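Worksheet: one structure, shown below.
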Amino acid sequence: MTQDEPRIVVVTGANRGIGHEVVRQLYARGDTAVLGSRDLAKGLSAAEELTAATGPGQVVALRLDVTDPIALRAAAAELGERFGRVDVLINNAAILYDTWQTPTSADLDVVRSALETNLFGAWQTALALLPLLKAGHSPRIVNVSSESGSLTRMGDATPAYSVSKAALNALTRQLAAGLAADGILVNSVCPGWIATDMGGSGGGPIADGAASVLWAADLPDDGPTGGFFRHGNPLPW
């Protein structure tokens, strides 16, 4: 691979929200963006919408259910056959901003569901794509987290979401240490409060949230790893 070749960037949960905007920005600047979605029909529709505007990049819709190990293995095989590598994995898929719960009254089935996607989904996606990342150019893993997962600032709100994001941050630290010898930078990123279906109205522009995520994808080889950032600035764990 030469430096001039487009990167292969896999984005999970990308048929809407921040993931969708990340793919749009990647496409606009010439990368090959793999638009991962649990529902392939929704992914294809989102890809068609994005490519209606002419861009120098490429958008590839892929069924990518982060909670389904069999589907993940199939997705990894398809990516391997088509591209032979993955340069960046953006673990964006997330669920359950449970504003209606407190830790003392939480439905633990809801908590387990959040962990299944927000923690285990990101973890097993990284494992499934790890051989392709090791074959990539300046490989990066970006875990889209939230300040809700900061232990320093955590209260009793959104317990399922907050605990799952704190666990995702711990996974970031572990993967960063474990993959340092392979040159794979792994970081958590909080996009901030963004006006999406999950974030609700009143948040910032979605383009700003996506730019914060892409900052970690674009880090140089001597950039930080094992960190937690928003808009390029460190956040407290």
Review point. Quick check: anything in segment 106-118 surrounded by 24 or more Cβ atoms within 10 Å (Cβ to Cβ) and under 14 Å from the mean Cα position of the chain (by Cα)?
Key: yes
Review point. Would you call Ala46 touching a His at 6+ places or on another chain (Cβ under 9 Å) and either more than 21 Å from Asp87 (Cβ to Cβ) or not β-branched (Val, Ile, Thr) (or both)?
Key: yes
Practice item. Could you look through segment 84-105, keep only residues that are among the β-branched types (Val, Ile, Thr) and surrounded by 18 or more Cβ atoms within 10 Å (Cβ to Cβ), and pick out the one that is farthest from Pro159 (Cα to Cα)? Key: Val86
Review point. Mind checking which pairs have a first residue in segment 211-234 that is polar (S, T, N, Q) and a second that is part of a loop (DSSP other than H, G, I, E, B), Cβ under 9 Å, 6 or more apart or different chains?
Key: Ser212/Cys190; Ser212/Pro191; Ser212/Gly192; Ser212/His231; Ser212/Gly232; Thr225/Ile184; Thr225/Leu219
Review point. Inside segment 2-50, can you point out the residues that are hydroxyl-bearing (Ser, Thr, Tyr), over 21 Å from Val66 (Cα atoms) and modelled with pLDDT of 95 or more?
Key: Tyr27
Exercise for review: Could you tell me whether Leu35 is surrounded by 15 or more Cβ atoms within 10 Å (Cβ to Cβ) and part of a strand (DSSP E or B)?
Suggested key: yes
Review point. If you check Ala53 against the conditions, is it out of contact with any Cys (no Cβ under 6 Å at 6 or more places or on another chain), buried (at least 20 other Cβ atoms within 10 Å of the Cβ) and not aromatic (Phe, Trp, Tyr)?
Key: no
Point to revise | Total residues in segment 153-176, condition in contact (Cβ under 8 Å) with a residue 40 or more places away in the chain, farther than 17 Å from Pro236 by Cβ and not aliphatic (A, V, I, L, M) | key: 5
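The values are calculated or read from the model by the stated rules, or taken from the named source; none is laboratory data. For clarity, every value in this text was computed on a predicted model and none was experimentally measured. Positions of Cβ are backbone-derived with ideal geometry, glycine not excepted, and every protein chain shown enters the neighbour counts.
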